[in-house]
1. In region 110-127, how many are at pLDDT 95 or above and either exposed (fewer than 12 other Cβ atoms within 10 Å of the Cβ) or among the aromatic types (Phe, Trp, Tyr) (or both)?
2. For Ala87, indicate whether it is surrounded by fewer than 16 Cβ atoms within 10 Å (Cβ to Cβ), in contact with a Cys (Cβ under 8 Å, 6 or more places away or on another chain), free of Cβ contacts under 8 Å to residues at least 60 places away in the same chain and not hydroxyl-bearing (Ser, Thr, Tyr).
3. Quick one: Tyr128 ticks every box in (1) of a type outside the set (A, V, I, L, M, F, W, C); (2) under 16 Å from the mean Cα position of the chain (by Cα); (3) under 15 Å from Tyr144 (Cα atoms) bar one, so which box is it?
4. Just to be sure I understand the filter: pairs with C-beta atoms under 8 Å, separated by 6 or more residues or on different chains, first member in region 109-129 and free of Cβ contacts under 8 Å to residues at least 60 places away in the same chain, second member charged (D, E, K, R). Which pairs pass?
5. Of (1) among the charged types (D, E, K, R); (2) at pLDDT 95 or above; (3) in a helix (DSSP H, G or I), Glu29 satisfies all except one. Which?
6. Identify all residues within region 90-103 that are surrounded by fewer than 18 Cβ atoms within 10 Å (Cβ to Cβ) and either under 10 Å from the mean Cα position of the chain (by Cα) or modelled with pLDDT of 95 or more (or both); write none if there are none.
7. For residues that are aliphatic (A, V, I, L, M) and part of a loop (DSSP other than H, G, I, E, B), scanning just region 43-90, find the one that is nearest to Tyr128 (Cα to Cα).
8. Specify which of the listed residues (Asp62, Asp84) is more than 12 Å from Ile116 (Cβ to Cβ), under 12 Å from the mean Cα position of the chain (by Cα) and among the acidic types (Asp, Glu).
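The values are calculated or read from the model by the stated rules, or taken from the named source; none is laboratory data. Keep in mind it's a predicted model, so treat the numbers as computed, not measured. Glycine also receives a Cβ, built like all others from the backbone with ideal geometry; neighbour counts cover every protein chain displayed.
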Amino acid sequence: MRIKLLLTAILSFISSCDNDHENQPSCTEFGVCDTCIIIDKNLFNTTNTNNYNIQNIEVSEDCLEISFSSSGCDGNSWEVALVDLDAVSETTIPQRELKLNLVNKEACEAYITKTISFNLKPLQLKNYNQIKLKIENYSSLITYEY
């Protein structure tokens, strides 16, 4: 009898646990950005940032628009991601670090420029209405107000 009671208590406890990542809305629910930001410390630490040049960065509502250039044929096979360190620097205005990750296997010598927008909503912090974004290989901090 005690074993049944103990098992019932354990199962009730396990089923009541809540995984925050399972309850986060998907990126597509947040608007019209091209893609999502990946929040992954390991990927951030292994991301190579020397195969492109960032031309411009702008915030448009909840999208971060990055214009960047790299050599290639037409850029259609490029795999592009924006990776967040998954850490927040505790300054007056919180700051997050990001890297653009470009997988470019094109072996042509043309210089291609693309603009891709990334959804910023997953980076929002409770109790704040803005954050600073430090993007590697870009000289200015970007302010995202929400």
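1. Summing the residues that are at pLDDT 95 or above and either exposed (fewer than 12 other Cβ atoms within 10 Å of the Cβ) or among the aromatic types (Phe, Trp, Tyr) (or both) in region 110-127 gives 3.
2. Criteria not met by Ala87.
3. Condition (2) is where Tyr128 drops out.
4. That search, which allows pairs on different chains as well, returns Ala110/Asp74; Ile112/Asp74; Thr115/Glu65; Asn129/Glu145.
5. (2)
6. Scanning region 90-103 gives Ile93, Pro94, Gln95, Glu97, Val103.
7. For region 43-90, the residue satisfying everything is Val88.
8. Only one candidate passes the filter, namely Asp84.
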